[in-house]
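The values are calculated or read from the model by the stated rules, or taken from the named source; none is laboratory data. A quick note: this is a predicted structure, and the numbers were derived from the prediction, not measured. Methodologically, a virtual Cβ is constructed for each residue, glycine included, from the backbone with ideal geometry; neighbour enumeration extends over all protein chains shown. Just so you know, the surface numbers come from the protein's heavy atoms only, side chains and all, with ligands and any DNA or RNA stripped out. Shrake-Rupley method; radii C 1.70, N 1.55, O 1.52, S 1.80 Å.
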Amino acid sequence: MDDFTKKRIMKIMDKYTENSVPEHVKSQIKISYKIRGNHVTLIEERQGFKSDQWVQMPVAQFRLGENEWKIYWQDSKGKWHFIDDIEPNEDFETQLKIVDEGHNGMFWG
């Protein structure tokens, strides 16, 4: 991912994570992301049971390849799998919207 694309994605994700959690539950849930190479991982964070520590749960991963973004889900063993019923798309925001809307309950539940 070139620097221009990375800065653009960071701007999109900063805005998304800032506005995705309703104000009244921000003390219980956070949404964050990590960029590593050509991968952007969307993360949900919740406070651990009887703990002050936050637990991170990956929601989805976006991978840039051949100028298209593909969406992946993570299994219980931490392995990522391509979601073949979501078409790859050149527009990152289109893919983020699909994840945000849940895609048949796949991401948020």
Exactly one condition in (1) in a loop (DSSP other than H, G, I, E, B); (2) in contact (Cβ under 8 Å) with a residue 12 or more places away in the chain; (3) open to solvent by 70 Å² or more (accessible area, probe 1.4 Å) is false for Trp73; which is it? (1)
Farther than 25 Å from Asp3 by Cβ, surrounded by fewer than 17 Cβ atoms within 10 Å (Cβ to Cβ), touching a Ser or Thr at 6+ places or on another chain (Cβ under 8 Å) and not β-branched (Val, Ile, Thr), is that true of Gln56? yes
Selection from the range 43-53 of residues at pLDDT below 85 and open to solvent by 30 Å² or more (accessible area, probe 1.4 Å) yields Gln47, Phe49, Lys50, Ser51, Asp52
Residues that are out of contact with any Phe, Trp or Tyr (no Cβ under 8 Å at 6 or more places or on another chain), closer than 14 Å to Arg46 by Cβ, not polar (S, T, N, Q) and not in a loop (DSSP other than H, G, I, E, B), drawn from the range 1-35: Val25, Ile29
Failed item in (1) within 19 Å of Arg46 (Cα to Cα); (2) in contact with a helix residue (DSSP H, G or I) (Cβ under 6 Å, 6 or more places away or on another chain); (3) at pLDDT 95 or above, with Phe107 passing the rest: (3)
What pairs come up if the first residue lies in the range 4-33 and is within 23 Å of Phe49 (Cβ to Cβ), the second is among the aromatic types (Phe, Trp, Tyr) and outside any helix (DSSP H, G or I), and their beta carbons are under 7 Å apart, counting only those six or more places apart or on different chains? Lys30/Trp54
His103 fails exactly one of the following numbered conditions: (1) touching a residue at least 12 places away in the same chain (Cβ under 8 Å); (2) part of a strand (DSSP E or B). What is the number of that condition? (2)
Going residue by residue through the range 81-96, is there one that turns out to be out of contact with any Ser or Thr (no Cβ under 8 Å at 6 or more places or on another chain), at pLDDT 95 or above, open to solvent by 70 Å² or more (accessible area, probe 1.4 Å) and part of a loop (DSSP other than H, G, I, E, B)? yes
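Take the range 2-36 and flag every residue that is within 22 Å of Glu90 (Cα to Cα) and open to solvent by 60 Å² or more (accessible area, probe 1.4 Å).
Kept after step one, since they are within 22 Å of Glu90 (Cα to Cα), are these residues of the range 2-36: 2-17, 33-36.
Within the range 2-36, Asp2, Asp3, Phe4, Lys6, Lys7, Arg8, Met10, Lys11, Asp14, Lys15, Lys34, Arg36 qualify.
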What number goes with the only condition from (1) modelled with pLDDT of 95 or more; (2) in a loop (DSSP other than H, G, I, E, B); (3) β-branched (Val, Ile, Thr) that Val40 does not pass? (2)
